[in-house]
Amino acid sequence: MADEDYVYDEASGEWRPASELAAEAAVVVRDAAGNALADGDSVTLIKDLKVKGTSTVLKQGTVIRSIRLTENPEEIDCRHDQVKGLVLRCEFVRKR
(Lines give C-alpha, C1' and ligand atoms only; values in the text may rest on other atoms or scores of the structure.)
Protein backbone atom coordinates (compact mmCIF):
# COMPACT_ATOMS: atom_id res chain seq x y z
CA MET A 1 0.00 0.00 0.00
CA ALA A 2 1.47 3.35 -1.09
CA ASP A 3 1.64 6.34 1.24
CA GLU A 4 -0.35 9.20 -0.21
CA ASP A 5 -1.23 12.63 1.20
CA TYR A 6 -4.90 13.41 1.59
CA VAL A 7 -6.43 16.86 1.65
CA TYR A 8 -9.85 17.85 2.94
CA ASP A 9 -11.93 19.21 0.06
CA GLU A 10 -14.34 21.79 1.52
CA ALA A 11 -16.50 21.83 -1.62
CA SER A 12 -17.35 18.13 -1.46
CA GLY A 13 -16.76 17.59 2.28
CA GLU A 14 -14.50 14.60 1.62
CA TRP A 15 -10.83 13.69 2.09
CA ARG A 16 -9.30 13.35 -1.38
CA PRO A 17 -5.79 12.51 -2.64
CA ALA A 18 -3.65 15.63 -3.00
CA SER A 19 -2.60 14.63 -6.53
CA GLU A 20 -6.24 14.52 -7.60
CA LEU A 21 -6.93 18.05 -6.32
CA ALA A 22 -3.74 19.41 -7.89
CA ALA A 23 -4.82 18.10 -11.29
CA GLU A 24 -8.17 19.90 -10.98
CA ALA A 25 -6.53 23.15 -9.84
CA ALA A 26 -4.29 23.38 -12.91
CA VAL A 27 -6.28 25.72 -15.15
CA VAL A 28 -5.00 26.27 -18.66
CA VAL A 29 -5.33 29.82 -19.99
CA ARG A 30 -5.95 29.93 -23.75
CA ASP A 31 -5.83 32.73 -26.31
CA ALA A 32 -8.37 33.42 -29.07
CA ALA A 33 -6.86 30.70 -31.28
CA GLY A 34 -6.82 28.09 -28.51
CA ASN A 35 -3.08 28.21 -27.79
CA ALA A 36 -2.02 27.78 -24.16
CA LEU A 37 -0.55 30.92 -22.56
CA ALA A 38 2.10 31.06 -19.83
CA ASP A 39 3.76 33.78 -17.75
CA GLY A 40 6.28 35.74 -19.81
CA ASP A 41 4.73 35.02 -23.23
CA SER A 42 4.27 37.72 -25.87
CA VAL A 43 0.85 38.23 -27.42
CA THR A 44 -0.59 40.24 -30.31
CA LEU A 45 -3.93 42.06 -30.22
CA ILE A 46 -6.43 40.74 -32.77
CA LYS A 47 -8.67 43.85 -32.78
CA ASP A 48 -8.56 47.54 -31.85
CA LEU A 49 -9.24 48.03 -28.14
CA LYS A 50 -10.24 51.28 -26.42
CA VAL A 51 -8.67 51.43 -22.96
CA LYS A 52 -11.22 52.33 -20.29
CA GLY A 53 -10.49 55.53 -18.39
CA THR A 54 -8.20 56.94 -21.08
CA SER A 55 -8.43 58.22 -24.62
CA THR A 56 -5.91 55.59 -25.73
CA VAL A 57 -6.75 53.02 -28.39
CA LEU A 58 -4.50 49.97 -28.75
CA LYS A 59 -4.43 49.02 -32.42
CA GLN A 60 -4.77 45.56 -33.92
CA GLY A 61 -1.35 43.94 -34.27
CA THR A 62 0.12 45.65 -31.19
CA VAL A 63 2.60 43.34 -29.47
CA ILE A 64 2.35 43.00 -25.70
CA ARG A 65 5.42 41.41 -24.08
CA SER A 66 5.85 39.61 -20.75
CA ILE A 67 2.27 38.84 -19.81
CA ARG A 68 1.32 37.53 -16.38
CA LEU A 69 -1.54 35.13 -15.73
CA THR A 70 -4.18 36.09 -13.18
CA GLU A 71 -6.48 34.02 -11.00
CA ASN A 72 -9.19 34.53 -13.62
CA PRO A 73 -8.44 32.24 -16.61
CA GLU A 74 -10.16 34.71 -18.96
CA GLU A 75 -7.81 37.63 -18.17
CA ILE A 76 -4.09 38.40 -18.41
CA ASP A 77 -2.13 41.16 -16.70
CA CYS A 78 0.34 43.10 -18.84
CA ARG A 79 2.09 46.41 -19.45
CA HIS A 80 2.30 48.62 -22.50
CA ASP A 81 4.33 51.79 -23.11
CA GLN A 82 1.19 53.95 -23.05
CA VAL A 83 -0.79 52.09 -20.35
CA LYS A 84 0.51 50.68 -17.07
CA GLY A 85 -1.44 48.03 -15.16
CA LEU A 86 -3.33 46.82 -18.21
CA VAL A 87 -5.63 43.80 -17.93
CA LEU A 88 -6.70 42.18 -21.21
CA ARG A 89 -9.27 39.51 -21.91
CA CYS A 90 -7.77 36.41 -23.54
CA GLU A 91 -10.37 36.46 -26.32
CA PHE A 92 -8.69 39.56 -27.81
CA VAL A 93 -5.10 38.26 -27.98
CA ARG A 94 -3.15 35.68 -29.96
CA LYS A 95 0.13 34.10 -28.85
CA ARG A 96 3.18 35.20 -30.83
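Which numbered condition trips up SER19, out of (1) under 11 Å from the mean Cα position of the chain (by Cα); (2) not in a loop (DSSP other than H, G, I, E, B)?
That leaves (1) as the condition not met.
Does any residue of the stretch 11-29 turn out to be at pLDDT 90 or above, surrounded by 13 or more Cβ atoms within 10 Å (Cβ to Cβ) and of a type outside the set (Lys, Arg)?
yes
Could you tell me how many of the residues in the stretch 50-75 are surrounded by 15 or more Cβ atoms within 10 Å (Cβ to Cβ) and touching a helix residue (DSSP H, G or I) at 6+ places or on another chain (Cβ under 6 Å)?
0
Condition first: surrounded by 13 or more Cβ atoms within 10 Å (Cβ to Cβ), β-branched (Val, Ile, Thr) and at pLDDT below 90. Can you find one or more residues in the stretch 78-96 that meet it?
Yes: the stretch 78-96 contains one or more residues that are surrounded by 13 or more Cβ atoms within 10 Å (Cβ to Cβ), β-branched (Val, Ile, Thr) and at pLDDT below 90.
Test THR56 against the stated conditions and say whether it is touching a Gly at 6+ places or on another chain (Cβ under 8 Å), at negative phi and hydroxyl-bearing (Ser, Thr, Tyr).
no
Looking at the stretch 52-81, I want the residues that are in a loop (DSSP other than H, G, I, E, B) and have a partner that is exposed (fewer than 11 other Cβ atoms within 10 Å of the Cβ) with Cβ atoms under 7 Å, at least 6 apart or on another chain. Which pairs are those?
SER66/GLY40; PRO73/VAL27
Condition test on ASP48, is it free of Cβ contacts under 8 Å to residues at least 40 places away in the same chain and either hydroxyl-bearing (Ser, Thr, Tyr) or within 18 Å of VAL87 (Cβ to Cβ) (or both)?
Yes, satisfied.
Evaluate the following for ALA11: is it in contact with a Lys or Arg (Cβ under 8 Å, 6 or more places away or on another chain) and not in a strand (DSSP E or B)?
No: the conditions fail for ALA11.
The values are calculated or read from the model by the stated rules, or taken from the named source; none is laboratory data. What you see is a predicted model; the values in this text were computed from it and never measured. As a convention, Cβ positions derive from the backbone with ideal geometry for all residues, glycine included, and neighbour counts pool all protein chains shown.
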